[in-house]
Each structure stands twice: as C-alpha cells, then as structure tokens.
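Coordinate-derived values only; no laboratory data. Quantities reported herein were computed from a predicted structural model and do not represent experimental measurements. A quick note on method: Cβ atoms are made from the backbone with ideal geometry, for glycine too, and the neighbour counts reach across all protein chains shown.
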C-alpha cells in the first residue's frame, strides 16, 4: 500500500469517525432541547408543537449541512463521476434516442403508413415495414424514369425523420402526378405542338378518365386545394440553347406512366419529323 493510498484511507476513516461523533452530539442536543420544550407536559399546546417542530428541523438541518461540508470533496467527485457516466451513456445511445424520437414523430404526425410512397433525404420508396428504430422501403425510380421499382430494399433509420422533411406521395388508386419534358428545335409551331400534346393526352388517358376525375376530386376534398388534374398540363418554355421545351404533367396510374410518356414523346417527334408541326411561313404582299 502506497503512502497516498494510506493517507486517503486514514482521512476517510477520520471523516467517518467525525461524522458519527457529530451525529451523536447533534441528536443528543436535539433530544435535550425537545425535553426542555416539553417540560414534562403530557399534552402540548399549539405553541409548543410549533416550537418543537422548528427546533427539530433546525437540528436536522445543522446535521445535514455539517455532514455535507465534511464530505463535500467526496460528494463533488461522486457527482462528477455520475455526470461523466450519464454523458457517456447519452453519447453512446444518441442515435438510438433519435431513432425512437423519429418513430414517435411519425406516429404522432401520422406522416406515412405501410403502402405509402415517401421521399426523404433524396431516397424514395414504398413503405413495407417500420418499427421503433427503422423504416424499410422498396426503392422506386424517380418520376422521370417511370415510378418503377429498382429492386433494392432500403432500411432507413428513423432519426432521418427528425432532420429531413418527409414527402408523402400517397394518392388514391395508385395514381401519380407524372412530370416529364420534351425538348425540340425551335423551328416548329409551338402552339400547334401544344394543342397536339393536349389532344393526344386526352385520347390516351380516356380509358381511365372517369376514374381519374373521381380520384382528383377526392384529393381536392382531402387537401382543401385545387390540385392539377385530371387533365394533362402542358407548358412551354425555352432552354438556354434556344430550344423549345414542353413540360407535360399527367395524372395517371403509376403503372401506365412510362407507357404514356413514351407514346406522347414518340408521337410528337413523329409529327415534327413529318413536317406537320412546321411553322406557317409569313404571308408576303405580292402587290407591293
């Protein structure tokens, strides 16, 4: 046993002895003071009961603070050790705590359920399972690639839901808003091309038009806003290369999205190739 260890051991024994002696003295003094207040009275009046209570409380506080001052160094070391342990536990379990909190947020906000299509932190998929720590999704291609499954399964920690927004694409009947773009040279009649796209979209979507209209109304009522659909939306813009870009958004079943995009794109390019959408040359005044 080293000198420092022996010294620490002796100091601890000394503090224990002093603590016992202090407790005995304070308790004896409290007992003596209580007897003086009672003065051999069998029944205490209100004033004596209050005086007895305050006297006992004073001696108890005296004993508490005396022992605290005597053991203050050891108490500080103990609190520091406990604090270090608590901090270590929190740091070690931080991710687990965040996962459980993310699960609580999902449950409280009803962010999504099994079967919903969600996108979080750039990852998109259909929810197939979730638990206290993670959410499992079947990865989906982005809308421009047709909403098809990639064949990958993603296990997302629920902590993502605390730091990233969750986009829920759940629509009734497995319908989706399918946006895509067709870019062509600027030597065509843009208005005529737009009319052709609108007419062809209406024709191709005609077989599920009534169902799309019904689902579109359900979405409007649920969200309280007038969302696009069921008719196709066709916008015209120009690119930095002075080309014409047609931005088309279809409200259609997810299983038909890729087929409809291919049909419309191929048909538009065929119309342009056949010259049926060329610009009408400006009229010239022959009499001039």
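Annotations for the structure displayed:
- Helical content alone sets the calculated 222 nm signal of the chain at -17500 deg cm²/dmol, taking -39,500 (n - 2.57) per DSSP H segment of four or more residues and averaging over every residue.
- Debye equation applied to the C-alpha atoms of the stretch 33-125, log10 I(q)/I(0) at 0.17, 0.19 Å⁻¹: -0.90, -0.98
- Axis of helix 190-204 versus longest Cα principal axis of the chain: the two differ by about 70°, to the nearest ten degrees.
- Short-range pairs are left out: with C-alpha atoms under 8 Å and at least six residues apart, the relative contact order of the stretch 100-248 is 20 percent.
- Taking the C-alpha atoms of the stretch 173-273, convex hull volume expressed per residue in Å³: 99
- Between helix 3-38 and the chain: long-axis angle, C-alpha atoms, 0 to 90°, nearest 10: 70
- Cubic angstrom per residue, convex hull over Cα atoms of the chain: 370
- Normalised by the number of residues in the stretch 7-88, the mean separation of alpha-carbon contacts (under 8 Å, six or more apart) gives a relative contact order of 35 percent.
- Length-normalised contact order of the chain in % [C-alpha pairs under 8 Å, at least 6 apart]: 13
- Each of residue 82 and residue 129 was given a label point 7 Å from its Cα along the Cα-to-Cβ line. The distance between the two points is 4.2 nm.
- Between residue 29 and residue 154, the modelled labels are 7.1 nm apart [label points 7 Å from Cα along Cα→Cβ].
- In terms of its Cα atoms, the stretch 82-150 spans 56, 21, 15 Å along the principal axes, sorted from long to short.
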